[in-house]
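Notes to accompany the following structure.
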Amino acid sequence: GRDMYEPKDVEVLMASIVHEIKNPLAVLQVEIEKMRRSFQNDAQIMKFADRLEEQRRRINAATSTISVFRYGRDRTIREDPEAEPINLEELINDSVKGVKREIRGDEIYFRIEVRAHEVLVMGNFYLLRQAIFNILENAVQAIGQKQNGRGVVQIKLLKELDSTEFARIVIQDDAGGMMDSNVRLAAIRGGAPGGVGLLVARRIIEIHN
């Protein structure tokens, strides 16, 4: 007999796990919508429903990240039938909003600079949101290690030089230390150690190229 799983076995297991998680998430989504319709005049319950939906989306995105490792190097997510046009400015704003909900206080300031408007890319909104969320979360954690715990995370949406078709997202923080902003971005592109979150972010970015 075999003493190790083959890649195909692992892929089947991953798909099974994702399926088992997504089924109750679909039920939860329906129940949240029922809650909103039944208590639409109750601000407190509506806020609670929004919070539940945010967490449901996070779990859904987390399970979806498992699938990104099933894409071969010769296949991108643009070939996926569920790919859709994504507005990068809206994606950034939504990602920052999600990170702000996870931190307490106002010690960390997020500065968004948009120089490229109405930029669309084909892909999975929630996967790209998870990638940006992971990078922002990494920046927040780095700032949190500063003595005063205060800092700035800057997110830029820029047009590539000499190009009308490409744009880039740049995320920087002022944490300094061993892993400054340039090294952090290089870690995502080059695969240097940076935690599971950055590994997942890197893979999501790869399949969207």
Some residue of the range 131-142 being within 17 Å of Q55 (Cβ to Cβ), open to solvent by 30 Å² or more (accessible area, probe 1.4 Å) and modelled with pLDDT of 85 or more:
yes
Of all residues in the range 22-54, which are open to solvent by 60 Å² or more (accessible area, probe 1.4 Å) and at pLDDT below 85?
K22
Lone qualifier among A26, A49 - being in contact with a Lys or Arg (Cβ under 6 Å, 6 or more places away or on another chain) and of a type in the set (G, A, S)
A49
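Yes or no, residue by residue, for (1) surrounded by 13 or more Cβ atoms within 10 Å (Cβ to Cβ); (2) closer than 21 Å to N87 by Cα; (3) touching a Pro at 6+ places or on another chain (Cβ under 9 Å); (4) modelled with pLDDT of 75 or more:
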{"position": "V121", "(1), (2), (3), (4)": "yes, yes, yes, yes"}
{"position": "I155", "(1), (2), (3), (4)": "yes, yes, no, yes"}
{"position": "K159", "(1), (2), (3), (4)": "yes, yes, no, yes"}
{"position": "T164", "(1), (2), (3), (4)": "no, yes, no, no"}
{"position": "L185", "(1), (2), (3), (4)": "yes, no, no, no"}
{"position": "G195", "(1), (2), (3), (4)": "yes, no, no, no"}
{"position": "A201", "(1), (2), (3), (4)": "yes, yes, no, yes"}
{"position": "N209", "(1), (2), (3), (4)": "no, yes, no, no"}
Assess whether S95 counts as being at pLDDT 75 or above, more than 29 Å from V140 (Cβ to Cβ), in a helix (DSSP H, G or I) and among the hydroxyl-bearing types (S, T, Y).
no
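The values are calculated or read from the model by the stated rules, or taken from the named source; none is laboratory data. Remember, predicted model here, so these are calculated numbers, not experimental data. Note that we place each Cβ from the backbone using ideal geometry, even for glycine, and neighbour counts take in every protein chain shown. Side chains included, ligands, DNA and RNA excluded: accessible areas come from the protein's heavy atoms. Shrake-Rupley method; radii C 1.70, N 1.55, O 1.52, S 1.80 Å.
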